[in-house]
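Notes for the one structure printed next.
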Amino acid sequence: MNRRNGFIAVGVGAAIVVLVPFLHNGYITGLMVLIAQNAIAALGLGLLFGTARVVSVCQASFVGLGAYAAAASSSRGLDPWLSIVLALVFVAVVAAIVGWPVLRLRGHYITLATLALGYIAMVVFNEATAFTGGPSGFGTFPPLHFAGHPLTGDMPAYILGWLLVVVCGVIVYVIRNSSRGRALRAIASSETAAAAMGVEVRTRKLEAFVLSAMFAGLSGALYAYYVGYISPVSFSFDQSIYFIIMVVLGGSATTLGPIIGSALYSVISSALTQLASVIFPLSAQGAAAALQVIAFGAILICVIRFLPSGLIPAIARRLGRSAG
Amino acid sequence: MLQLIVSGIANGALYGLVAVGFVVIYNVTGIINFAQGEFTTVGAVTAVTLVGYGVPLPLAVLCGVGVSGVAGLVLWYAALRGAHRQPLVVQLIITIGASVCLRGLALLIFGSTPKPLPPFSNNGTISLGAATITPQQLWIFAIVAVLMAVLFVLFERTRIGGALLASSINRDAARLMGIDPLRMSAIAFFLGAALAGVAGTTIAPIALVSFDMGGSLGLKGFVAATLGGIGSVPGAVVGGILIGVIESVGAGIFSSGWRDAIVFGVLIVVLFVRPEGLFGRSVARV
């Protein structure tokens, strides 16, 4: 995506985000809130994957960790805004502790280790009932507030979510174009060569991993206060894979990619739900859910196989060719 | 205690089988196969479904193993073969996508209710001092022992095994000797997936069969392979047995809900203390 296309994409995206609330369509607004919250976690993952080529399959666990940390501390009387800050610090500390041994590994092994982390997190969410409410979750925490008013409903979450997408997007953009970003890309092409050139491989990877986890935690905290109820199902392995799908769909080479990917994911997901209700009109939700899972697996394989730079860059290239 | 160790060894032997399949695929193709656990599901789900239609148990189990192997072939030919020149990360994501697809298919065909598979021979227990052994556990020991012997003969005494070994030691040199690495990769995927299928069908009478059983089974296979030193077949078996015992004893001491967390905690500790595993050669660290 060149600079001109990038500006156009940001402009179109900003226009959509500003105009959607005026549709007064509750369904679309709610969808856009989830797109914003997913985009924040996907931005972190996109930084990790797009620069260092590290595939982490426990992003949803960090989302869950942020959600539980924020909800558990505000249910114990801490101010919700402070709870979010506390949750971010907590997620960063956990990510640094688990990331240190894991990031010593290379490539594939990192991915499998993060899979193990995801399983451990799932066990903790289900078993540490004093903090998480166990398998059935919990919803006994106060909402966010502003000037004495509770911030409930779609619009506050919408504004807050998209503001934070912009903030996180700017952070990722700056990092990608800094010496840190170059160091991470050097690590991706050859760790040994990067180390020989004086890049502190493990520290750089750990920084990116921790930042990515913090974005996930922020996404989770926003989700918790928006939905008002959290349970382990929302932070499963499948959800981690969906974050990877968002990054791969939108393309990881640019900052915008994961945001666009998050939107594409939500659109495809609702289309699949519609389709499933046509194919299986009467019967089980199970079949519809299975269809969704199969379709996303197939989409992931096809996109990475045939359009490894993502859907949007491929379309942009085609447009550029036909125009030029 | 002895009881926990015995059942741990039995389960662990099967984790070892999953791990061996993992190692065979990795050695020959360089791909860490994320869908390895789902191949155990494919085998078990096929067997249970066939038994449900009245197919005799031994035939159903054989079919399960065969279908697993074929699923491995399909994964290789449909998705991975065309991508073998792509970066490893692309192949990794393809296997992730395949694992998701297979799990969805299992859910669609099998539903979300776990079902049992009957044991391979009649119930009743054999007491062995303080511990008792079920016939199914004896089956596990026998099957794993026989398979190990078969694998040994395959790799050491047959042309095709030699070709597999050659392409895992040095792919380019193997090609110069007239061995087609892509064909070897296909065989490795068939073999690796079939081994997972054996593990899935053999553990099915002990644990229930569900559409998502492969997730943790595959991951335990990976932990076993890492513990044994990735790339080592005997290491994978020993690693599997160790994992089984740790898991079983750990679940006996703590509560069984924490069972998986214990195993994967071991992985993190191993990665931290000795990333090359028990039997692996030292790898370059950064």
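The set of residues from the stretch A:74-117 being small (G, A, S), closer than 25 Å to A:T192 by Cβ and at pLDDT 85 or above comprises A:A96, A:G99, A:A113. Filtering the stretch B:252-274 to residues that are in contact (Cβ under 8 Å) with a residue 40 or more places away in the chain and either within 12 Å of another protein chain (Cβ to nearest Cβ) or among the β-branched types (V, I, T) (or both) leaves B:D260, B:V263, B:F264, B:V266, B:L267, B:V270, B:L271. Counting just the residues of the stretch A:177-236 that are under 22 Å from A:L78 (Cα atoms) and of a type in the set (S, T, Y), which one comes out nearest to the other protein chains (Cβ to nearest Cβ)? Filtering first and then ranking leaves A:S231.
Just one of the listed residues (A:G251, A:G297, A:G257) is at positive phi and crowded, with 19+ Cβ neighbours inside 10 Å, and it is A:G251.
For the stretch B:241-257, residues that are closer than 13 Å to A:Y119 by Cβ and either of a type in the set (A, V, I, L, M) or surrounded by fewer than 19 Cβ atoms within 10 Å (Cβ to Cβ) (or both) total 1. Please go through the stretch A:186-209 and give me each residue that is in a helix (DSSP H, G or I) and exposed (fewer than 15 other Cβ atoms within 10 Å of the Cβ), ordered by number. Selection gives A:S189, A:T192, A:A193, A:A196, A:T203.
Yes or no, residue by residue, for (1) of a type in the set (D, E); (2) touching a residue at least 24 places away in the same chain (Cβ under 8 Å); (3) touching a Phe, Trp or Tyr at 6+ places or on another chain (Cβ under 9 Å):
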site: B:G124; (1), (2), (3): no, no, no
site: B:Q137; (1), (2), (3): no, yes, no
site: B:I140; (1), (2), (3): no, yes, no
site: B:R159; (1), (2), (3): no, no, no
site: B:M184; (1), (2), (3): no, yes, no
site: B:V198; (1), (2), (3): no, yes, no
site: B:I206; (1), (2), (3): no, yes, no
site: B:F211; (1), (2), (3): no, yes, yes
site: B:S216; (1), (2), (3): no, yes, yes
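For the stretch A:254-289, residues that are modelled with pLDDT under 85 and not β-branched (V, I, T) total 14. Test B:G221 against the criterion of being within 14 Å of another protein chain (Cβ to nearest Cβ), at pLDDT 90 or above and under 19 Å from B:V65 (Cβ atoms), and give yes or no. So B:G221 fits the description; yes.
Screening A:Y229 against (1) in contact with a strand residue (DSSP E or B) (Cβ under 9 Å, 6 or more places away or on another chain); (2) crowded, with 18+ Cβ neighbours inside 10 Å leaves a single unmet condition, (2). Among the residues making up the stretch B:87-97, those that are within 7 Å of chain A (Cβ to nearest Cβ), free of Cβ contacts under 8 Å to residues at least 40 places away in the same chain and either surrounded by fewer than 23 Cβ atoms within 10 Å (Cβ to Cβ) or farther than 21 Å from B:A71 by Cα (or both) are B:V89, B:V90. Among the residues of the stretch A:104-145, just one is within 27 Å of B:G30 (Cα to Cα), small (G, A, S) and more than 7 Å from every other protein chain (Cβ to nearest Cβ), namely A:G118. Of all the numbered requirements in (1) within 14 Å of chain A (Cβ to nearest Cβ); (2) in contact (Cβ under 8 Å) with a residue 40 or more places away in the chain; (3) in contact with a Lys or Arg (Cβ under 8 Å, 6 or more places away or on another chain), B:I109 misses one, and that requirement is (3). A search for C-beta distances below 7 Å between a residue of the stretch A:111-131 that is within 22 Å of B:T95 (Cβ to Cβ) and any residue that is part of a helix (DSSP H, G or I) and of a type in the set (D, E, K, R), counting only pairs 6+ apart in sequence or on different chains, returns A:Y119/B:D260. Those residues that are in a helix (DSSP H, G or I), aliphatic (A, V, I, L, M), over 18 Å from the mean Cα position of the chain (by Cα) and more than 10 Å from A:S56 (Cα to Cα), I need them from the stretch A:101-126; list them, please. Correct list: A:V102, A:A116, A:I120, A:V123, A:V124. If you go through the stretch A:237-252 and keep only what is within 16 Å of A:A314 (Cα to Cα), modelled with pLDDT under 90 and within 13 Å of another protein chain (Cβ to nearest Cβ), you end up with just A:S252. Could you tell me whether the stretch A:118-132 includes any residue that is closer than 21 Å to A:T203 by Cβ and either charged (D, E, K, R) or crowded, with 18+ Cβ neighbours inside 10 Å (or both)? No, that holds for no residue. Taking the criterion of being within 14 Å of chain B (Cβ to nearest Cβ) and free of Cβ contacts under 8 Å to residues at least 24 places away in the same chain, would at least one residue in the stretch A:82-100 satisfy it? Yes, the stretch A:82-100 has at least one match.
The values are calculated or read from the model by the stated rules, or taken from the named source; none is laboratory data. Just so we're clear, the structure is a prediction, and the values are computed from it rather than from any experiment. Don't worry about glycine lacking a Cβ; one is built from the backbone with ideal geometry, like all the others, and counts go over all protein chains shown.
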